[in-house]
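K.L.:
One structure, pasted below without further comment.
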Amino acid sequence: MIDKNTMTVKVEKSLKKRYLKEKIFKSMGFISVAVAFLFLLMLISDITIKALPAFVQTQIILQVDLNEQDLGITQQSSVDEIRQVDFRRVIRAALKKQFPQVKKRKQKKDLYSLVSVGAEYQLRDLVLENREILGTTLNVTFIADDDVDALIKGAIDRNDEESGRRVKDFKLNLIETLEKHGQIEKNFNWQFFSSGDSREPELAGIKGAVLGSLYTLLVTLLMTFPVAVSAAIYLEEFAPKNRMVDFIEININNLAAVPSIVFGLLGLAVFINFFELPRSAPIVGGIVLSLMTLPTIIIASRSAIKAVPPSLREAALGLGASKMQTVFHHVFPAALPGILTGTIIGMAQALGETAPLLMIGMVAFIVDIPQSVTDPATVLPIQVYLWADSPERGFLEKTSAAILVLIAFLITMNAIAIYLRKKFEKKW
Amino acid sequence: MNNNTDQKTLDSMHAEHGKTVGQPFCKDAKFSTRNVDVFYADNQAIYDVSLDMGKNEVIALIGPSGCGKSTYLRCLNRMNDTIDICKVTGQLLLDGQDIYAKEQDPVLLRARVGMVFQKPNPFPKSIYDNVAYGPRIHGLTSNKAELDDLVEESLIKAGLINEVKDRLDSPGTGLSGGQQQRLCIARTIAVQPEVILMDEPASALDPIATAIIEELISELRKNYTIVIVTHSMQQAARVSQRTAYFHLGKLIEVGETNQIFTNPAHDLTEKYITGRFG
């Protein structure tokens, strides 16, 4: 037998070592978390800083003369008649009136390009909304061209050499004159949230991609959730334990590891070429993504079902509940929080997925905002990719802004899932 | 089939049986089991157990851990069906009907043979819904008022009503351990079974809660046949009329509880109840 005193000494000695080990592990864990958090912070702050200018829009105020005779319409004209009017002429006239000294053809081109090409539609919509302005002269705020926007926001440096500057001296003079007269304003960019994609950076908005993502995810959720949950319940509770089921199980796990672009090829071959579903549409995107999400949700749901305590099953069975009643009255509700967590992980994956959607044409340039799941659309990550790929300066900030919107979308989705999970957990 | 077996046949059966000492059979049996073997895959857990359980009798199954008493108990309402590798052979008759016959529905059987488990396992629902669940799935009541009455009656029988009557809507999982176990008993009674199986119902409870449960068992005996597995010999002595001693999957001795605890016939039984092993 060991002497009492030597025993205490030995334990004390080893205690020091044990606590040291614990301390080292704790600090290492803390460092890992801190590093991960730091990277996240860097990423988010970098993107946010780059994205901020995208939420501000440069606008030019011009005095336009909406003379009914010149335009050839009256306040009683039909919508179609108004639509046919060339409002570009009115804007050009307004610019010419302000800068009468501009005569040369090339200089005129510079002058006219101060406002965005979308300005004429802006004016047309304004007239359509309120006809009373016809026949009057009034100040209208137009969206500035992306070069003007870049210059005002400082993305183009006025002090650079003219040869290396995108906005030449002549145009710079025009802009500075407008600035002096207080005709240039910076306002919050509502347009970014209310319009679809465009070739012009100042007109491009995110709404098309947001709705595209929303429709796609809706299809994915509706396709995946019932199928995945039924499959998980069947495999976990009803399926006989034999080789066939083992084989299916292995293949579900394999499916989760298949590169996503393969699902895109499958979607192209099966849904578009064989079933002739529309190209570039959220319905096809949703189906393809649901193939990809299916194994994730099945695996998560199965482990959630497995984690339900057997005592709950026994309690129900012991009362004479049938297998089906046991599963749907007790096991499924108890597993639901876990199933929802798995679903949201799967959906978040689907939201960020790009590769399979490239294969089914959702990478197309689509200006119209999709109205249903069969309309051509694009999704947020592809919008990011498309804008990142565009040469115009203005798209740089739009890219970051789109990433921010994507992250916001993701956070909203997660928040809803957490809320639902909490709600169902309360029943315990 | 055993209802009218006379003493002579019983004795001869006993002689044939050979291994079990005492009186495993009784007249007017509710449950009657013969030559039951249970296998988990290749491992045999129960060897040739023959035992009767009489009407309105509390029979205690005792024995060291792993002796197969719980396994045997779970054969009686076919809970072992849920374990794929478990195989039960032999004859198990409830009121003379083979409960392992093809035409016997396990769901119906479990409605007739209720079970209370070792660990209280109320559903994560309200106290009311816990008790009402069984009657609801079996369609025992035709309207809300009847169901209310049945729930109340069950809670009265389980001796829980005074503690919960003001909070029937609060979750059953919020009760104390002893209350939860009584809730589980109320839940079982609500289905109006003929036999109640109890698998160490008081092993997770303190002495006060245990005493309440034991009192309850003696009360329930008037209406039900009760088979109780227990590790506490005092408990077996207090609540049961007959006691069966299991050892390594074999039924060693069955007898009047008094006799088993005062004058056991078999060596193993004596060693166990005197605490020399187990």
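The values are calculated or read from the model by the stated rules, or taken from the named source; none is laboratory data. Here the structure is a predicted model, which is why all the values come from computation and not from measurement. Positions of Cβ are generated from backbone atoms using ideal geometry, with glycine treated the same way; all protein chains shown enter the neighbour counts. All accessible areas refer to the heavy atoms of the entire protein, side chains included, with ligands and DNA or RNA removed. Shrake-Rupley method; radii C 1.70, N 1.55, O 1.52, S 1.80 Å.
K.L.:
Which count do you get for residues in region B:71-85 that are away from chain A (no Cβ under 12 Å) and of a type in the set (Ser, Thr, Tyr)? Steps first, answer last, please.
P.N.:
Taking region B:71-85 as the starting set, the residues that turn out to be away from chain A (no Cβ under 12 Å) are B:71-72, B:75.
Then keep just the ones that are of a type in the set (Ser, Thr, Tyr); that gives B:71-72.
Number of matching residues: 2.
K.L.:
Let me ask something else. Can you tell me which residue among B:234, B:192 is buried (at least 16 other Cβ atoms within 10 Å of the Cβ) and of a type in the set (S, T, N, Q)?
P.N.:
On the way: B:234 fails: buried (at least 16 other Cβ atoms within 10 Å of the Cβ).
Being buried (at least 16 other Cβ atoms within 10 Å of the Cβ) and of a type in the set (S, T, N, Q) holds for just one of B:234, B:192, which is B:192.
K.L.:
Taking residue B:161, is it at negative phi and open to solvent by 10 Å² or more (accessible area, probe 1.4 Å)?
P.N.:
Here the answer is yes, as residue B:161 does meet what is asked.
K.L.:
May I pose another question? Filter region A:300-333 down to the residues that are facing chain B (nearest Cβ under 7 Å), of a type in the set (Gly, Ala, Ser) and surrounded by fewer than 23 Cβ atoms within 10 Å (Cβ to Cβ), then identify the one that is nearest to residue A:235 (Cα to Cα). Quick ask: steps written out before the conclusion?
P.N.:
First, the residues of region A:300-333 that are facing chain B (nearest Cβ under 7 Å): A:311-312, A:314-315, A:317-322, A:325, A:330.
From what's left, of a type in the set (Gly, Ala, Ser): A:311, A:315, A:318, A:320-322.
Those left that are additionally surrounded by fewer than 23 Cβ atoms within 10 Å (Cβ to Cβ): A:311, A:322.
Working: A:311: 20, A:322: 17 Å.
Residue satisfying both the conditions and the ranking: A:322.
K.L.:
Of all residues in region B:164-189 being of a type in the set (Val, Ile, Thr) and more than 15 Å from the chain's Cα centre (by Cα), which is most open to solvent (accessible area, probe 1.4 Å)?
P.N.:
Keep residues of region B:164-189 that are of a type in the set (Val, Ile, Thr), which gives B:164, B:173, B:185, B:188-189.
Next, from what is left, pick out any that are more than 15 Å from the chain's Cα centre (by Cα): B:164, B:173.
Working: B:164: 0, B:173: 55 Å².
The extreme case among them is B:173.
K.L.:
Any idea how many residues of region B:247-272 are within 22 Å of residue B:213 (Cβ to Cβ) and either touching a Phe, Trp or Tyr at 6+ places or on another chain (Cβ under 7 Å) or of a type in the set (A, V, I, L, M, F, W, C) (or both)?
P.N.:
Of all residues in region B:247-272, those within 22 Å of residue B:213 (Cβ to Cβ) come to B:257-258, B:260-261.
Next cut, either touching a Phe, Trp or Tyr at 6+ places or on another chain (Cβ under 7 Å) or of a type in the set (A, V, I, L, M, F, W, C) (or both) only: B:260-261.
Looking only at that region, the number is 2.
K.L.:
Right, something else. Restricting to region A:391-428, what's the tally of residues that are in a helix (DSSP H, G or I), crowded, with 16+ Cβ neighbours inside 10 Å and of a type in the set (D, E, K, R)?
P.N.:
So the answer is 3.
K.L.:
On to the next question. Kindly provide the set of residues from region A:52-69 that are farther than 12 Å from residue A:136 by Cα and part of a helix (DSSP H, G or I), ordered by number. Break it down stepwise before answering.
P.N.:
Of region A:52-69, the ones farther than 12 Å from residue A:136 by Cα are A:52-62.
Once the filter is applied, which keeps residues that are farther than 12 Å from residue A:136 by Cα and part of a helix (DSSP H, G or I), region A:52-69 yields A:52, A:53, A:54, A:55.
K.L.:
Hey, can you tell me all the residues within region A:87-105 that are assigned to a helix (DSSP H, G or I) and farther than 18 Å from residue A:183 by Cα?
P.N.:
Step one: of region A:87-105, the residues assigned to a helix (DSSP H, G or I) are A:87-98, A:105.
Hits for region A:87-105 are A:87, A:88, A:89, A:105.
K.L.:
Now a separate question. Provide a single number: the residues in region A:25-48 that are more than 30 Å from residue A:401 (Cα to Cα) and of a type in the set (Val, Ile, Thr).
P.N.:
1
K.L.:
Here are some residues: A:361, A:338, A:286, A:346. Which one is open to solvent by 10 Å² or more (accessible area, probe 1.4 Å) and in contact (Cβ under 8 Å) with a residue 60 or more places away in the chain?
P.N.:
On inspection, the qualifying residue turns out to be A:361.
K.L.:
I'm checking my understanding of the structure. Among residues of region B:98-139 that are among the aromatic types (Phe, Trp, Tyr) and in a helix (DSSP H, G or I), which one is farthest from the other protein chains (Cβ to nearest Cβ)? Outline the logic, then answer.
P.N.:
So in region B:98-139, the residues among the aromatic types (Phe, Trp, Tyr) come out as B:100, B:117, B:123, B:128, B:133.
The next check asks that each one be in a helix (DSSP H, G or I); those that pass are B:128, B:133.
Values: B:128: 14, B:133: 7 Å.
Here the answer is B:128.
K.L.:
What number of residues within region B:255-275 satisfy the criterion of being of a type outside the set (A, V, I, L, M), over 19 Å from residue B:26 (Cα atoms) and part of a helix (DSSP H, G or I)? Explain how you work it out, then say what you get.
P.N.:
Pass one, region B:255-275, residues of a type outside the set (A, V, I, L, M): B:255-259, B:261-264, B:266-267, B:269-272, B:274-275.
In the following step, the residues that additionally are over 19 Å from residue B:26 (Cα atoms) were identified as B:261-263, B:266-267, B:269-272, B:274-275.
When the remaining residues are screened for being part of a helix (DSSP H, G or I), the result is B:261-262, B:267, B:269-272.
Count: 7.
K.L.:
Run down A:213, A:194 and say which single residue is polar (S, T, N, Q) and not assigned by TED's automatic domain parsing to the domain that holds residue A:343.
P.N.:
Numbers: A:213 fails: not assigned by TED's automatic domain parsing to the domain that holds residue A:343.
Residue meeting the stated conditions: A:194.
K.L.:
Count, please, the residues in region B:154-179 that happen to be in a helix (DSSP H, G or I), away from every other protein chain (no Cβ under 11 Å) and of a type in the set (S, T, N, Q).
P.N.:
So the first thing to find is which residues in region B:154-179 are in a helix (DSSP H, G or I), and the list is B:154-157, B:161-164, B:172-174, B:177-179.
Going one step further and asking which of them are away from every other protein chain (no Cβ under 11 Å), we end up with B:154-157, B:161-164, B:177-179.
Cutting the leftovers down to of a type in the set (S, T, N, Q) gives us B:154, B:162, B:179.
Number of matching residues: 3.
K.L.:
How many of the residues in region A:264-279 are over 25 Å from the mean Cα position of the chain (by Cα) and part of a helix (DSSP H, G or I)? Let's see the steps before the verdict.
P.N.:
Kept after step one, since they are over 25 Å from the mean Cα position of the chain (by Cα), are these residues of region A:264-279: A:269-270, A:273-276.
If we keep only those that are part of a helix (DSSP H, G or I) too, we end up with A:269-270, A:273-274.
Here the count works out to 4.
K.L.:
Test residue A:234 against the stated conditions and say whether it is open to solvent by 40 Å² or more (accessible area, probe 1.4 Å) and closer than 30 Å to residue A:400 by Cα.
P.N.:
Details: open to solvent by 40 Å² or more (accessible area, probe 1.4 Å): yes; closer than 30 Å to residue A:400 by Cα: no.
The answer is no for residue A:234.
K.L.:
Residue A:75: at pLDDT below 90, touching a helix residue (DSSP H, G or I) at 6+ places or on another chain (Cβ under 6 Å) and not assigned by TED's automatic domain parsing to the domain that holds residue A:404, yes or no?
P.N.:
yes
K.L.:
Give the number of residues within region B:40-89 that are surrounded by 19 or more Cβ atoms within 10 Å (Cβ to Cβ) and assigned to a loop (DSSP other than H, G, I, E, B).
P.N.:
Of the residues in that region, 7 qualify.
K.L.:
May I pose another question? Restricting to region A:171-197, what's the tally of residues that are open to solvent by 20 Å² or more (accessible area, probe 1.4 Å), out of contact with any strand residue (DSSP E or B) (no Cβ under 9 Å at 6 or more places or on another chain) and under 14 Å from residue A:146 (Cβ atoms)?
P.N.:
0
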